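Down below is the structure, laid out as structure tokens.
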Amino acid sequence: MSDCIFCKIAAGEIPAQKVFEDDSVVAFRDLSPKAPVHVLIVPKKHVASVAAFKAEDKDLAAHIFVDVVPKLADELGVSDAGFRLVINTGDDGGQTVHHLHVHLLGGRKMTWPPG
Ligand code: 5GP
Ligand code: ZN
């Protein structure tokens, strides 16, 4: 999508502190971190949100959660202490960038419930 900031980051057109990249996924540090570890895991393909997932995206979704999340959590040093995944979806969900992204947050004790 031409006007999408995460498409541009995925394409390397806008700089970001990338911590992981493969054919279908990129992960980079959040510009405004809410925890000592705060990365965004983003499909390179433009998917607006979880609500916009299609049947054809099953492999991509599985890849993110089965392959990328555990590997990144390990590499970022938060596997043992624990971490939080957040996927804000739509306006009430607090989504501000309308390209699906999984927040991986760690390095401090999280509170619950979220605001
Ligand atoms: P959302 O509120 O949509 O779940 O999260 C969007 C996240 O993207 C926010 O945490 C915000 O700090 C981050 N963000 C927005 N623009 C940029 C950017 O240009 N670069 C990076 N690295 N993060 C961004
Ligand atoms: Zn996009």
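The values are calculated or read from the model by the stated rules, or taken from the named source; none is laboratory data. Nothing here was measured: the structure is a model prediction, and the numbers come from that model. Cβ placement follows ideal geometry from the backbone for every residue including glycine, while neighbour counts extend to all protein chains displayed. Side chains included, ligands, DNA and RNA excluded: accessible areas come from the protein's heavy atoms. Shrake-Rupley method; radii C 1.70, N 1.55, O 1.52, S 1.80 Å.
Just a few scattered comments:
- Within the stretch 79-103, residues that are open to solvent by less than 60 Å² (accessible area, probe 1.4 Å) reach partners that are among the small types (Gly, Ala, Ser) and within 8 Å of ligand 1 (Cβ to nearest atom) with beta carbons closer than 7 Å, at six or more positions or on different chains, in the pairs 88/94.
- Cβ-Cβ under 7 Å pairs, at least 6 apart or on other chains, the stretch 51-68 side closer than 16 Å to residue 79 by Cβ, far side open to solvent by less than 50 Å² (accessible area, probe 1.4 Å): 68/20; 68/25; 68/27; 68/41
Residues checked against (1) in contact with a strand residue (DSSP E or B) (Cβ under 6 Å, 6 or more places away or on another chain); (2) modelled with pLDDT of 95 or more; (3) more than 25 Å from residue 113 (Cβ to Cβ):
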site: 21; (1), (2), (3): no, yes, yes
site: 29; (1), (2), (3): yes, yes, yes
site: 36; (1), (2), (3): no, yes, no
site: 73; (1), (2), (3): yes, yes, no
site: 82; (1), (2), (3): no, yes, no
site: 85; (1), (2), (3): yes, yes, no
